[in-house]
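Here is the structure we will look at.
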Amino acid sequence: MSDTPSWQPSADLFMLRARAQLLAQLRTFFVQRDVLEVDTPVLSRHGVSDPHIESVAAEFVPDGAASGMTMYLMSSPEYAMKRLLADGSGCIYQVAKAFRNGEAGRRHNPEFTMLEWYRVGHDLEQLMAEVAQLLDLLLLPALPNIDWHFLSYEQAFVTTLGVNPMLMSSAELQTLAQQYVDLSMPEETPRDTWLDLLMSHCVEPALPQACFVYNYPASQAALARVDVDEGGHQVARRFEVYVQGLELANGYHELTDAQEQAKRFDEDNQTRKDMGKSEMPADQRLVAALQHGLPDCSGVAMGLERILMLAHGKQEIAEVLAFDFSRA
């Protein structure tokens, strides 16, 4: 592919047709379940506050103006979709272009296609079941009769490393991580960093071929609600989906508390400052929507290019994009 002229597409005609078929399949899937397709802005006044995601900034200058305003290409349509939910949209989905700064490589492209949907009245378990049903459809015929496994975050660690991360101190996690990962880290390294290193280097490679991991540590809640699990530990009601070692989706039992959302925006920005990153202004329209009343719902975001890669045995994301970043 690197030998082809740069004006030509990075995906072949077969993959362009495969993408079109995938989009048709998922739209039929949601029509059959009476889930409404929506379309929200790609350009927004607010980027995401998540310390691990960098938004792409865009300068908008009105005609005749001496200066402009900084806006952002959305990394996810989540904030806008939740405003629709708060206004009574009911169950909704969207196929959206998403943008993330700095993410380019074999499995990443700074511009990619995200499927995101929200199910009003669904808990995390119901949403996981629906995600499995959709992936069963989209990954055929490459992966017929997928054997899905459902492991809590705690179970995943116990199964692969023989330890319960919920009961371990930061120092214990550091000692364990340094047995597997040869990294020099500062003494004040946060607990979640050690957990993430153990997850990525030890747990994820040992997961079953098709697996949901759910009930993450409460400190990794992002926009999910926090609850108490059967062991009495506070956990984030969220999940991630892995197939053949590739992360495909991230889902939440959504946070509906406006005050807690505002607090998490502040915490994100403090973390961003600690990491030497610029702060992101909090999206007060999302906070206002939650104050108005977000219905009890669960939502999930899924990268469609990665599904195409799995379904067609591709090793590079460029092979499933009409034009990857190098040809944009």
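Among the residues of the range 272-328, those that are in contact (Cβ under 8 Å) with a residue 24 or more places away in the chain and of a type in the set (Ser, Thr, Tyr) comprise Ser298, Ser326. For the range 62-96, filtered to residues that are hydrophobic (A, V, I, L, M, F, W, C) and in a strand (DSSP E or B), the residue that is surrounded by the fewest Cβ atoms within 10 Å (Cβ to Cβ) is Met69. The set of residues in the range 46-69 being within 30 Å of Gly88 (Cβ to Cβ) and touching a residue at least 60 places away in the same chain (Cβ under 8 Å) consists of His46, Gly47, Val48, Ser49, Asp50, Ser55.
Looking only at residues in the range 26-61 that are of a type in the set (D, E, K, R) and farther than 30 Å from Leu135 by Cα, the one that is surrounded by the most Cβ atoms within 10 Å (Cβ to Cβ) is Arg45.
In a residue-by-residue description of the range 274-281, the property of being touching an Asp or Glu at 6+ places or on another chain (Cβ under 7 Å), closer than 30 Å to Asp87 by Cα and not aliphatic (A, V, I, L, M) applies to no position.
Condition check for Ser298 on (1) crowded, with 21+ Cβ neighbours inside 10 Å; (2) over 18 Å from the mean Cα position of the chain (by Cα); (3) over 19 Å from Leu138 (Cβ atoms): one failure, at (2).
Residues that are touching a helix residue (DSSP H, G or I) at 6+ places or on another chain (Cβ under 6 Å) and surrounded by 13 or more Cβ atoms within 10 Å (Cβ to Cβ) were ranked within the range 1-18; the one that is farthest from Ile307 (Cα to Cα) is Ser10.
May I ask you to say which residue of Glu59, Glu125, Glu103, Glu54 is out of contact with any helix residue (DSSP H, G or I) (no Cβ under 9 Å at 6 or more places or on another chain), in a helix (DSSP H, G or I) and on the phi < 0 side of the Ramachandran plot? Step by step, each of Glu59, Glu125, Glu103, Glu54 is checked, and only Glu125 is out of contact with any helix residue (DSSP H, G or I) (no Cβ under 9 Å at 6 or more places or on another chain), in a helix (DSSP H, G or I) and on the phi < 0 side of the Ramachandran plot.
Considering the range 39-51, the residues that are among the hydrophobic types (A, V, I, L, M, F, W, C) and in a loop (DSSP other than H, G, I, E, B) include one that is farthest from Arg264 (Cα to Cα), namely Val42. For the structure I just gave you, tell me whether Leu139 is surrounded by 15 or more Cβ atoms within 10 Å (Cβ to Cβ), in contact with a His (Cβ under 7 Å, 6 or more places away or on another chain) and on the phi < 0 side of the Ramachandran plot. It is false that Leu139 is surrounded by 15 or more Cβ atoms within 10 Å (Cβ to Cβ), in contact with a His (Cβ under 7 Å, 6 or more places away or on another chain) and on the phi < 0 side of the Ramachandran plot.
The test for being surrounded by fewer than 17 Cβ atoms within 10 Å (Cβ to Cβ) and either touching a residue at least 24 places away in the same chain (Cβ under 8 Å) or touching a Lys or Arg at 6+ places or on another chain (Cβ under 8 Å) (or both) holds for Leu23.
Residues of the range 163-198 that are within 26 Å of the chain's Cα centre (by Cα), closer than 20 Å to Gly232 by Cα and free of Cβ contacts under 8 Å to residues at least 12 places away in the same chain: Asn164 alone.
Any read-out appearing in this document is the output of simple, stated calculations on the displayed coordinates, not a laboratory observation. Since this is a predicted model, take the numbers as computed values, not measurements. Cβ coordinates were reconstructed from backbone atoms using ideal geometry, including for glycine residues, and neighbour counts include every protein chain displayed.
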